[in-house]
Amino acid sequence: FVNGRWTTKQDYHQAEGYEFYKGRWRTSQEIELVETRSKRELAEKAWLAKLVRLRSHLDGDKGAADLIAAVKDPTAVPALATMLSRERVREVKMLYIDVLEKIGTGAALQVLVRASLSDSDEEVYHYCLDKIVRRQVPHLAASFIGGLRDSSNPVVNRAAMALGRIGDPVAISPLIDALVTVHQRTLPGRISPDATVAAFSADGGTSIIQNEGPRVTVARVQNQEVLAALTKLSHTSFGYDQRAWRLWHDQEKRARAEKEVVGSGQ
C-alpha cells in the first residue's frame, strides 16, 4: 500500500528504477558494475588458461615465448601474477617480469613489488627492482615501506635495499623503526610428537623424557641493509642507535618547518 493505492512489489521496485537481477533488486548502475566485474573475471580466467597452455609448450616451441612476450592486455596481470608465483625456472620468471613491466599498470607494478620481496631467487629480486626503480612512479616508496614490518628478516632487508635505491626521504622514519627488529622462529620439539623416551644412567637409574613440543625463539636483529639505506638517504650515520636517529630526525623536521615558515614570510 503506497501513497494511497495498492501495487505489486515488482511494479513498486520498477517505478523506483530497480531491476531484478541475479536474485536481487538492483539499480542499472549496480547491474553494470556486476556485469563488468563478471566479464573481467572471465577474461582473467581465460588468460590464466592461455598462459598455462603456453607455458607447457615453452621447452620445445620458441613461438610460445614470443606469444607470452607479446601480451599487453592489463586484464592478464592477475594471471601473470599467478604464473610468476608458481614458476621455478629463472628465465621464465624473467619473461613474466618483462611482460608485467611492459603492461606498466599500477597492478602490474605491485606484482613486481611482491615478487621482489618474496621470491627466493636473489637474481629475480634484483631484476624486479631494476625495473621498478626505472619506472620512477610517484609514491613508489610506500610499496616497500610495508615490507619493513614483515615477520621475515630477509624481507625487511630487501625492502630497505629497495628504499635506498628509490631515494625518497619519506622512508627515513620507517627505516629508523626497522633498524633493529624482533623475529620469532618456531623450532620443532626434540622428540617426535606423542613419543616417550626412557633414558638409562650409568648407575642403573631410569628417567622418562616426554616430548617437549615445539619451541619458540625470539631474536633481536640489527639490519645491515636498513642502516645502509638510512645512511644513504640521510648522509649521516648513528649506527644502530635508534634514539640518536630519532633525535636527529626530529631536529631535521623542525629545521625544515622553520625554513618553510621563513620562506613563506618573504
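The values are calculated or read from the model by the stated rules, or taken from the named source; none is laboratory data. Since we're looking at a predicted model, the values are computed, not measured. Ideal geometry is used to build each Cβ from the backbone, glycine not excepted, and the neighbour counts take in all protein chains shown. The protein model used for the area step is the full one, side chains on, heavy atoms only, and it has no ligands, DNA or RNA in it. Shrake-Rupley method; radii C 1.70, N 1.55, O 1.52, S 1.80 Å.
Here are some residues: R5, R26. Which one is surrounded by 11 or more Cβ atoms within 10 Å (Cβ to Cβ), without any contact (Cβ under 8 Å) to a residue 12 or more places away in the chain and not aromatic (F, W, Y)?
Answer to the selection: R26.
Output the residues belonging to region 130-168 that are at positive phi and either under 13 Å from the mean Cα position of the chain (by Cα) or among the basic types (K, R) (or both).
none
Whether any residue in region 181-194 is modelled with pLDDT of 90 or more and of a type in the set (S, T, N, Q) is what I want to check.
yes
Being under 21 Å from A162 (Cα atoms), at pLDDT 95 or above and open to solvent by 60 Å² or more (accessible area, probe 1.4 Å) is true for just one of Y127, Y96. Which residue is that?
Criteria check complete, one pass: Y127.
Would you check which residues across region 224-266 are small (G, A, S) and part of a helix (DSSP H, G or I) and list them?
A228, A229, S234, A244, A255, A257, G263, S264, G265 - these are the residues of region 224-266 that are small (G, A, S) and part of a helix (DSSP H, G or I).
List every residue pair whose Cβ atoms sit under 6 Å apart, with the two residues 6 or more apart in sequence or on different chains, where the first one lies in region 109-124 and is of a type in the set (S, T, N, Q) and the second, anywhere, is outside any loop (DSSP other than H, G, I, E, B).
Pairs found: S116/Y125; S116/C128; S116/L129.
Select, from S143, S120, S151, the only residue that is modelled with pLDDT under 95 and more than 28 Å from W47 (Cα to Cα).
None of the other options fit; the residue is S151.
So is L48 within 24 Å of Y127 (Cβ to Cβ) and not in a helix (DSSP H, G or I) or not?
No, not satisfied.
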